Amino acid sequence: MKNENYSLYKIMQHFEGMQKIEVFDLLHKMEILLFYTSSPITKDSIIQIINSGLDGSRDVDPFQFTVLPNGNFCEFIGSNDWLHIYQENKRGWMKWSPFTTYYFKTKYAPLELLPLTKKKLLENLENTPEVSKVVIFLKQHRVSKKNKKTDRLLLLDL
């Protein structure tokens with residue numbers, strides 16, 4: 001047990017000077033990364049996963065939630081085979097804001113949670129097979145356009 005505490009101390013030293021929310025965000029990214037690595041963990045396998053993304057047979061994010069740098073949680077609201085979309089759960093006085101903020105992750109960058117905007121989505125999908133479908137969709141619809149009957153984002157139906 002003493003050796004385990006020492007290992008924990010050595011790891012926690014790397015977080016010195018950081019805000020707690022930054023550490024939580026980093027730990028969440030580490031959890032996702034560990035989910036996709038095989039045992040025993042090697043530096044090369046971690047670098048390969050970070051640089052190459054994931055294959056299509058795995059989930060983009062197996063945990064279905066994440067924490068934003070502002071401390072708010074994002075809850076998973078839907079996905080397709082290459083995209084996961086999250087909705088920010090606001091706290092405090094922002095809870096009553098009429099605007100909904102969406103974020104996304106793709107299988108091409110599973111560790112990055114990005115605001116769901118036209119620009120960010122196109123940047124993230126550059127040089128991928130999905131980019132042509134998304135460009136056509138964005139010419140006809142807003143990125144956050146919903147199906148009125150199902151209340152599901154139309155982007156998830158691509």
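Structural remarks
- With Cα atoms, 0 to 90° folded angle of helix 43-52 axis to the chain main axis: 10
- Peptide ranges 139-152, 100-113 listed from the most packed, as the mean C-beta count within 10 angstrom indicates: 100-113, 139-152
- In terms of packing, defined here as the mean over residues of other Cβ atoms within 10 angstrom, the peptides 18-25, 39-46, 126-133 line up highest first as 18-25, 126-133, 39-46.
- Rounded to the nearest 10 degrees, the inclination of helix 20-36 to the longest alpha-carbon principal axis of the chain is 90 degrees.
- With respect to the chain, whose longest principal axis is taken over its alpha-carbon atoms, helix 131-140 is tilted by about 50°.
- Residue (of L125, N147, L158) at the positive-pole extreme of the stretch 116-158, dipole from beta-carbon charges: N147
Any read-out appearing in this document is the output of simple, stated calculations on the displayed coordinates, not a laboratory observation. Not measured: the values here are computed from a predicted model. Glycine gets a Cβ as well: all are built from the backbone with ideal geometry, and neighbour counts include every protein chain shown.
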